[in-house]
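Data block below; observations after.
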Amino acid sequence: MYRTHHCGELRLTDTGKSVVLSGWVRRSRDLGGLTFIDLRDRYGITQIVFDMDVQPELCEKARDIGRETVVKISGVVRERSNKNHGIPTGEIEIEATDLEVLNPSKTPPFTIEDATDGGDELRMRYRYLDLRRGPLLRNLTLRHKTAWHARKFLDGLNFLEIETPYLIKSTPEGARDFVVPGSMHPGEFYALPQSPQTLKQLLMVGGYDRYFQIVKCFRDEDLRADRQPEFTQIDCEMAFVEKDDVLEVFEGMIKYIFRELIQVELPDFPRMGYETAMAKYGSDKPDTRFAMEIHDIGEHAKGKGFQVFDGCECVLAIAVKGAADYSRKQLDGLTDWVKRPQIGAKGLVYVKYNGKGDLKSSVDKFFSPEQLEEWCGACGAEPGDLLLVLSGDLTSTRKQIGELRLHMADLLGLKTPGAFSPLWVVDFPMFEWDEELKRHQAMHHPFTSPVAEDEELLDSDPGSVRANAYDLVINGSEIGGGSIRIHRRELQNRVFSLLGFTAEEAHDQFGFLLDAFEYGAPPHGGIAFGLDRLCAVMGGSDSIRDFIAFPKNNAGRDVMLDAPAPLSTEQMQELGLALRESDEEPSGEG
Ligand code: ASP
């Protein structure tokens, strides 16, 4: 028998019991007459003690044991004289009567402690060692429980979890497809789903009016920090619903998960239009834990002879609370920050609002104190606040000042840990104009329906059509998104054609869906949540990697498995990706 108990289990009430424990040696300490081992497993740490006077041989053996060795220990539970109130087993220890080494360990390349000395890449390479550390254990436990509670909640509402295939045809979500060849069909490829979007819609046509699936999705996109080429969604779809029905069910689910898992009672989720989000926060996923809203001060700042402002589309400002005492150096730092290529502003104007009539700005030459005071008024600034002002074209300036707003919040510590600010962002534009391709792209995906009253604008003014789509945003993170779908063939055809598909292309790629719409497709809609991100937000982390057992690095590589990797010539040939020797050489003629 390897164990009668695990390492987090024994208490004072177990004193006197003979027990067997197995686990990893976190460390051993030799105090002359006594040797201590901290034995660790998933459940906790138990102290084992070896007494030189009682068991000299065993004690010698314990002294020599290296970190991370797997051992089995028999002994008797006794009360500790020196109690550790920091851990649940801290009142007892095991007086060892036997010690068996089950498997020795090399010295691990980093310390396996909550605060480790290992860098990212090293820990990814030895992920199985990293997984032994407390933070990852807690994160993966949170992930398990999130998935489990989602299932429990949805099952309670009659949702069925139905698996959809991974080897499919393209499902466009705005990324490139990962493709899979197979030996049965040389020259042909499956695509891995970017999401089960079309399949879940077909399930609605099939009558499964409440579907969900905790499912892997694959997107071959340019990697940005904190994106993974494969990630997990809680993917959901419902038939005979309108937007409010979907939002109600899933607001309930998110509240339930927060309540059960981290004992947080979320408020009702406010709804914010896309246009408002962009205007006030410069982002379609605003962090509303703090205000610092963006104000358009154009009417007070333009036409006063300051050319930088006069020639541009908008002048936008934020009032930073209590930052009027920023030094020259700090302000130069902010200017450099907004000029970095990632942000792309040309410069930064500031106004220190020290008090009534007492202002200092970088544009004192061009504006009188009264004029600057008007700006402050327009931004709701109070004495002691610092106004930061950017100008330019509307779209870029909004984004830039939105980023600056987040940066200031970081500097001022406004992103309170443990605070959660959820909201629904609604009324997205249906299309965005792609300057390179010179055509519209679906902002969400091509299956999203327009808001009913905007349908008539599809032909005349597609740019102004709003989509019947919604995103769940928490603390500036997009946690989920979905829409009410198109379920009539002719509307779907019109949208495909607006997106630049010829009838033939649409039929080739999505004929199965268009056909299905002709066999009694019910009205339907749904949503998908990013499980990785949901966990990261609940766990108070910026990194989804910390919530994935075996993540890829920022370049999309698995550094532990060393993937992706080249194939052997034989395998390439089998898949029809390389010529076989028996194949004729292409003649180059014709
Ligand atoms: N398929 C969508 C996505 O992956 C979600 C949805 O519309 O339900 O973003």
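The numbers here are math on the coordinates, done by the rules we state, and not lab data. If you're wondering where the values come from, they're calculated on a predicted model, not measured in any experiment. Here the Cβ positions follow ideal geometry from the backbone for every residue, glycine too, while neighbour counts run over all protein chains shown.
The table below lists the values:
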item	result
Potential extension, residue 148-residue 63 segment - 0.36 nm per residue separation minus Cα distance	26.3 nm
Rounded tilt (10° steps) of 489-498 against the dominant C-alpha axis of the chain	80
Inter-probe distance in nm under a simple model that places probes 7 Å from Cα toward Cβ, at residue 342 and residue 42	3.7
Long-range amide H partners of residue 467 with built H, under 5 Å	428, 430, 451
Residue 114 versus residue 138: modelled label distance in nm, points set 7 Å from Cα along the beta carbon direction	0.6
Cα-based convex hull, segment 484-590, per residue volume (Å³, whole number)	259
Estimated FRET transfer efficiency when R0 is 51 angstrom, pair residue 100-residue 549 (beta carbons, to 0.05)	0.95
Extended-chain gain in nm, criterion 0.36 nm per residue less alpha-carbon gap, residue 459 and residue 178	97.8 nm
Cross-link partners of residue 352 among aspartates and glutamates (Cα-Cα below 16 Å; sequence separation of 8 or more within a chain)	325, 332, 364, 370, 373, 374, 382, 385
When the chain is reduced to its Cα atoms, the Kirkwood hydrodynamic radius in Å	28.7
Positive-end residue, the chain charge dipole about Cα centroid, Cβ charges, pick of 105, 479, 569	105
Karplus 3J(HN,Hα) series, Hz, for segment 444-459 with 6.51 cos²θ - 1.76 cosθ + 1.60 (x for Gly, Pro)	9, 8, x, 9, 6, 8, x, 4, 3, 6, 9, 4, 5, 8, 3, 7
Proximal aspartates and glutamates to residue 339, defined as alpha-carbon separation beneath 13 angstrom and excluding residues fewer than eight positions away on the same chain	403
Among 351, 371, 81 - extreme Cα towards positive end, dipole of the chain, charges at beta-carbon	81
Fully extended contour minus Cα-Cα distance, from residue 519 to residue 30, at 0.36 nm per residue	168.4 nm
Three-way shape call for segment 165-259 based on the alpha-carbon gyration tensor, with the a/c threshold at 1.5	oblate
Residue-by-residue Karplus 3J(HN,Hα) for segment 472-479, coefficients 6.51, -1.76, 1.60, Hz, glycine and proline x	9, 10, 10, 6, x, 10, 7, 8
Surface/4 of the Cα convex hull for segment 266-368, nm²	8.7
Virtual paramagnetic centre 7 Å along Cα→Cβ of residue 3, amide N under 15 Å, in segment 36-73	38-48, 68-73
Pairwise FRET efficiency - residue 310 versus residue 436, Cβ, R0 = 41 Å, nearest 0.05	0.85
Computed label-point distance, nm, for sites residue 268 and residue 412 using a 7 Å Cα→Cβ extension	2.9
Estimated FRET transfer efficiency when R0 is 22 angstrom, pair residue 161-residue 227 (beta carbons, to 0.05)	0.30
Residue-by-residue Karplus 3J(HN,Hα) for segment 398-404, coefficients 6.51, -1.76, 1.60, Hz, glycine and proline x	4, 4, 5, 6, x, 5, 4
Whole-Å distance, taken between Cα centres, linking segment 14-53 and segment 199-255	47
Dipole magnitude of the chain about its Cα centre (Cβ charges: Lys, Arg +1; Asp, Glu -1), debye to nearest 20	2240
Violating pairs (Cα-Cα greater than 22 angstrom) within the set 17/145; 280/399; 321/346	17/145; 321/346
Cα gyration tensor, segment 1-104 - rounded (a/c under 1.5), prolate or oblate	rounded
Whole-Å distance, taken between Cα centres, linking segment 526-564 and segment 311-390	38
Cleavage-rule hits (chymotrypsin sites (Phe, Trp or Tyr not before Pro)) in segment 1-66: DSSP loop, at most 16 neighbouring Cβ within 10 angstrom	2, 43
